[in-house]
Structure formats: C-alpha cells, structure tokens
Amino acid sequence: MKTIVIDPVTRIEGHAKITISLNEDGKVDDAKIHVTQYRGFEKFCEGRMYSEMPALTARTCGICPVSHVIASTKAIDEILAVTPPQAGVNIRKIINLAQILQSHTLNFFHLSSPDFIYGFDAPKEDRNIFKMMQTHPQMARDGINLRAFGQKIIEELGGKRIHPTGVVPGGAAHKIELSQKEIILAQIPDMLKIAQGALEFFKTNLHKFQKEIDSFAAFPSLFMALTNKDKTLEHYDGTLCFMDSDGNIIKDAIEPRDYKEFIGEAVEEDSYLKSPYYKPLGYPQGMYRVGPLARLNIASTCGTPLADEELKKFKALNGGKPVLNSFYYHYARLIEIIYTIEKIEELLNDEETMRENVKATSSVSKTKGVGCSEAPRGTLFHEYHVTKDGVITGVNLIIATGNNNLAMNAGVKQVAQAFVDSKNITDGALNRVEAVIRCFDPCLSCSTHALGIVSSKIEIVDHNKKIVKVIDRS
Amino acid sequence: MRVVVGYGNELRGEDAFGVDVIKELEKFHLKNTKLISAFQLTPEIVLELLEADEIIFIDACNNEKNHYALACSLSVQSRFNLSHHISPKTIVYMLESLYEKHPNFFIYSMMTKSFDNIKNENIYKMRIEQIVHHISSAQ
C-alpha cells in the first residue's frame, strides 16, 4: 500500500496535512485530514477569573475572534444571570454579522475564487490571487472593499478590528454614535452591489464545475444550526435544530445549554481536531454538517428581501430538499454575505439599537454557563464552570470547524477516489483534494483550540512508510 | 506621505517589535507620516496605504543565529504565500496591480528566536530606539 501525503494543506487557516492511502491496485482506499497543531485553550483557562474569558478565548483566533467573544460573553451572561439590554444585543449582533461578512468575503474573493476563475486544472502559477489581480482586478478590489467594510464595523463598534473589546458580559461596552451609524449606512448600497455581483459571477460559472459539485463531499448527512421558532435564519439567538438529508427535522428547539445531551466528541489518534457527532446516532454515524450550507438548509427564510430571493433559488437546487453538495457551501456563503449586509442595515435602523443603555451588570449567580452562536463556519459552543467566586474550574469549547470534521474527512475521501490516479498524480487532482476542505472554510487554529509557514509538499509513502516520491507544489 | 506599518502580537513578547516601535514613534508627532499598528497584515490594509509615497514595514523575523540583529528581510518574504494574512510584498503588489500605486518600500526586521517573550529587555529597547531614531531623523 502507498500513501500520498499533502502537507501542509494550502489556502486555509492553520496547519493540516492529508494522507491518501492506496491499495495494492493503486486505487484510493482511504483519505484523512490530520490537524497537526495543538493549542490547549480549554486547559490553560482554568484558574483564571470568569471576566477574563472573552479576552482570553478571543485569542483562539485572529480570524474569527468576534465569534469567540460573542459565545464567551453569552456564557458569562448565564453565569451572571443577566439579560443584556436590547441595544447591547443588537450591537453584538451587528458586530457578529460584520465578522461573518468579512470572513466569508476573504474565503470567496481571496482563497477560493482563483479556482472558479481559472479552473481546478489550471497551472498552479495561474491559480492564485496574484493572477486574479492581473486578469480580474475589479473583482480583487471588490473583495478588498467588502472585507474592509466588515472590518471597519468591527473596529468602530468593537474597538479593534482583531480581538475587539466592545462586546462585554451583560451587553456592549459603548453605545453606537449617530455618526458611526451614518457612515456604515452610507456604504450599504455599494456593498450590496458588490455582493450581488459576486453571487452572479458564481452562479454564471457553476456549469463548469459539475464534476466537483458531484464529488466534493456530496453525500447525505445531518445538518445542525441555530434557528428561530419560525425557522428564520439566525446567527446569535435561537435554539439548536438537527435536520436529516431528506429535510426531516429530527430534533428541534434544543436549548444550547443542553448541547451535551445531543453532541458527543470523539477523539482520533491521528489528529488534534476532535470529531463531534450527533449522540443519538452514535459515532461516526452521527456525522453532521454546520456552517452556511447547514444554516440555509435549515432556515425556511432569511428574513431579508434580497437574500430571500436568492434562498428560493438555492433551495430549488435539490427540489426543496436539503442541498447535500458541499461545493454549494460557496453558494450559501455568498447568499449569507448579502443577508449580513441587509441585516446590518435593518439593525442599525432599529430604534432600539441607538438607545443609551447597552449593558447590564450583575455578579456571579450560577456556577455554569453555556454560550452559543453561529460563527462564519458554523455553530460555536463555550461552556464554563466557575467557583462561587468566579474562578474558572472547567472549560469546554466546540468550534465550528470541529463540528464539520467527520464530513470533511468523508469529503476528502470522496474527492480522492474520484480524482486521484496513483499512476498519474496530477496537480489538478491534488488541488481538488485541498479544495474540498476549502469548501468548509476551516479555521484550524480555532478548532484545535497557529499560523505558520505555508509550503506545498506531497509525499508518497509506501506501506513501510518509506518515502518513494516527493512532489514540491510551491 | 510616508506610512509606517508596525505589526505583531503584543501578547507574544518580541513578536510585538513592530507594534512597540509604532508606540514610540507616536511620541514624535512626525510630519507627513502616518503610523499604523496592526496585529497582522490583511488585504484591506492596502486602502490605508493609497496615499503613501513610501512605506516602511516593521516586524520581528525568525532567525536562530542573529538574535537582535536589525536587517531587511526581503529575501525571506514570499508574495505567493496566502492564508488569512499576507506578506508586505503582497501588499505592495496589490498597490501596484490594483491601484497603480508604486511607493518605495522597506522592511525593517528585528531578528529574533524568542517570539513568545522578551529575552533581554535592554537590548530589545535599544533596537526599538535605533529604528525609531532612524525613522524620525530621516524626515
């Protein structure tokens, strides 16, 4: 048996490698993602004061710190038994949406779009953002402007672009000033135009990628997301919902604090990334997907006009049943970009948002708190245990990317079996193996609770673990 | 206009070299100079550099043998690496290809083998002062 190793995986956040095991006939037998970085946040937070947790856990990631701050402050809200004022909640929601907007934008415009523009078989030197800047400069500028818009909102309302301090236990640190509101609202029309243009570009080019649509983690699975009672799209409030691949809701209205009754976490020996699963079905049969695809499958409506128009077309992809093809994560991501812009506008125009009272205060009232929110990549859980004095005694974090671990692994195997030919290992085939992971937009620094050197080396190893071939893709 | 961009993580010891240089430079109120402090370089930062005739990037650079040496690290920066953060050369390439801006640019790096703490406070401060003096006297 031979093994092909892709190490590290490129155009994602963090460190991972992929091994592809071949059988005696040279066919793909198995494929796995190994997340090779370790962070240990759950352990070193023990002994710290509860009030430090938003700042500490935000450092889990430089990409989606807002999500961690949101989940963390929600967990502490429970410990303090405090209900944030509506203005504080709305400010949190706006900052959360801004982060989803900037994160989705980076994935589409800067990490994934080269594959859509030039195709997965294009020469490597042509399949990157630098070539895109030459051939599609307006698209590159659009990506920069859209991301800057999201980052600016986070900076204005959260205090800093990265690791913001404006979201605090009990609500928000500061009210929104009228001038801030006006600056953000003035940019909405241009940002919507960019977002709609990107979605149109994607839809127009979809016909070129039927093979990828059919093989990029295209299989039945459960889906999980936060949702409202009326099944509108939700990223901050709501309860958890599990849906099967036929569209049947198998468990609904789960309070986030009860997540452990339904979600187990399996540990595999070859990765630092845990594998959450739906407990009633067991491991690994309880594989589920989270993130934009899951959210749009579960939501019956977005609640904003332009996104809803697109959601109808999205749902028509599989005749109204859940969309099972993970390639469409990109599609869902683009619809969510439109949604976030519309929703930010709606929230800013809500008179509750501009009220003076943005924060409630209290002291430790409970010894356990669970905070849950929808991060760009999916559902995020923070669970804290504290002493009556507020000292952290236990932490459990389930990160969006972790929720998708089983599905990502199954997807890598499916793509490898569809495209990798051991007698002729092409760059296009290996790019597809990486690209299926990129569909999920994993954030590995978060999910292992680093940033590092990105090179591109593939090793082919025989059954004795002897390297028989090294392919340098840099 | 001259723009000085210092970047790094303040929680990580000598990794914060660029950010610490910016803090010192802020005390000088330099004319025709914009100071930017960043956790990491991300694509949208180009929008803050459009007015620049000259850009100076300041960071800490991994080097086991020449700890605390000051250098230009152009040779170890690749513009082709891309994740969620990018290199100074990528930023400059974006300015050139997307906005037809062609600023002069320099990268001042302090070599370090200790990103997570400050090994020698005195030398570390001395290196900050050297860079600050160099930039402030070059007006």
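Does the range B:21-31 contain at least one residue that is modelled with pLDDT of 95 or more and within 14 Å of chain A (Cβ to nearest Cβ)? Looking for residues that are modelled with pLDDT of 95 or more and within 14 Å of chain A (Cβ to nearest Cβ), one finds none in the range B:21-31, hence no.
Flag: residue A:401 matches the condition of being at pLDDT below 90 and under 25 Å from residue A:213 (Cα atoms).
Only one entry in A:155, A:78 is in a helix (DSSP H, G or I), surrounded by fewer than 22 Cβ atoms within 10 Å (Cβ to Cβ), in contact with a strand residue (DSSP E or B) (Cβ under 6 Å, 6 or more places away or on another chain) and more than 9 Å from chain B (Cβ to nearest Cβ), namely A:78.
Residue count for the range B:87-119 under the criterion of being open to solvent by 60 Å² or more (accessible area, probe 1.4 Å) and away from chain A (no Cβ under 14 Å): the result is 6.
Within 24 Å of residue A:310 (Cβ to Cβ), modelled with pLDDT of 95 or more, assigned by TED's automatic domain parsing to the domain that holds residue A:146 and surrounded by 16 or more Cβ atoms within 10 Å (Cβ to Cβ): does that describe residue A:226? Judged against the criteria, residue A:226 is not a match. Can you give me the number of residues within the range A:158-187 that are in a helix (DSSP H, G or I), more than 14 Å from every other protein chain (Cβ to nearest Cβ) and open to solvent by less than 50 Å² (accessible area, probe 1.4 Å)? Of the residues in the range A:158-187, 4 are in a helix (DSSP H, G or I), more than 14 Å from every other protein chain (Cβ to nearest Cβ) and open to solvent by less than 50 Å² (accessible area, probe 1.4 Å).
Only one of the numbered conditions (1) of a type in the set (D, E, K, R); (2) not in a loop (DSSP other than H, G, I, E, B); (3) not assigned by TED's automatic domain parsing to the domain that holds residue A:394 is violated by residue A:43, and that is (3). Going through the range A:105-123 one residue at a time, which ones are assigned to a helix (DSSP H, G or I), more than 10 Å from chain B (Cβ to nearest Cβ) and over 18 Å from the mean Cα position of the chain (by Cα)? A:115, A:116, A:117, A:118 - these are the residues of the range A:105-123 that are assigned to a helix (DSSP H, G or I), more than 10 Å from chain B (Cβ to nearest Cβ) and over 18 Å from the mean Cα position of the chain (by Cα). The listed residues are A:67, A:72, and the only one of them that is open to solvent by less than 10 Å² (accessible area, probe 1.4 Å), outside the structural domain of residue A:170 (by TED's automatic domain parsing) and under 19 Å from residue A:442 (Cα atoms) turns out to be A:67.
Filtering the range A:83-133 to residues that are at pLDDT 90 or above, open to solvent by 20 Å² or more (accessible area, probe 1.4 Å) and of a type in the set (S, T, N, Q) leaves A:83, A:86. Which ones in the range A:410-426 are open to solvent by less than 50 Å² (accessible area, probe 1.4 Å) and at pLDDT below 85? Those that are open to solvent by less than 50 Å² (accessible area, probe 1.4 Å) and at pLDDT below 85: A:420, A:422, A:425. Flag: residue A:124 does not match the condition of being among the basic types (Lys, Arg) and under 24 Å from residue A:291 (Cα atoms). Return a yes/no flag: does the range B:53-68 have any residue that is more than 15 Å from residue B:109 (Cα to Cα) and within 13 Å of the chain's Cα centre (by Cα). Yes, because at least one residue in the range B:53-68 is more than 15 Å from residue B:109 (Cα to Cα) and within 13 Å of the chain's Cα centre (by Cα).
Would you confirm whether any residue within the range A:28-48 is closer than 25 Å to residue A:149 by Cβ, touching a helix residue (DSSP H, G or I) at 6+ places or on another chain (Cβ under 8 Å) and aliphatic (A, V, I, L, M)? The answer is no, given that none of the residues of the range A:28-48 is closer than 25 Å to residue A:149 by Cβ, touching a helix residue (DSSP H, G or I) at 6+ places or on another chain (Cβ under 8 Å) and aliphatic (A, V, I, L, M). Taking residues in the range B:45-56 that are within 14 Å of chain A (Cβ to nearest Cβ), and partners anywhere that are in a loop (DSSP other than H, G, I, E, B), the pairs with Cβ atoms closer than 8 Å and at least 6 places apart or on different chains are B:49/B:101; B:49/B:103; B:50/B:101. Could you list all residues from the range B:23-43 that are surrounded by 22 or more Cβ atoms within 10 Å (Cβ to Cβ) and of a type in the set (Val, Ile, Thr)? Answer for the range B:23-43, where residues must be surrounded by 22 or more Cβ atoms within 10 Å (Cβ to Cβ) and of a type in the set (Val, Ile, Thr): just B:42.
The values are calculated or read from the model by the stated rules, or taken from the named source; none is laboratory data. Remember, predicted model here, so these are calculated numbers, not experimental data. Don't worry about glycine lacking a Cβ; one is built from the backbone with ideal geometry, like all the others, and counts go over all protein chains shown. With ligands, DNA and RNA removed, areas are computed over all heavy atoms of the protein, side chains included. Shrake-Rupley method; radii C 1.70, N 1.55, O 1.52, S 1.80 Å.
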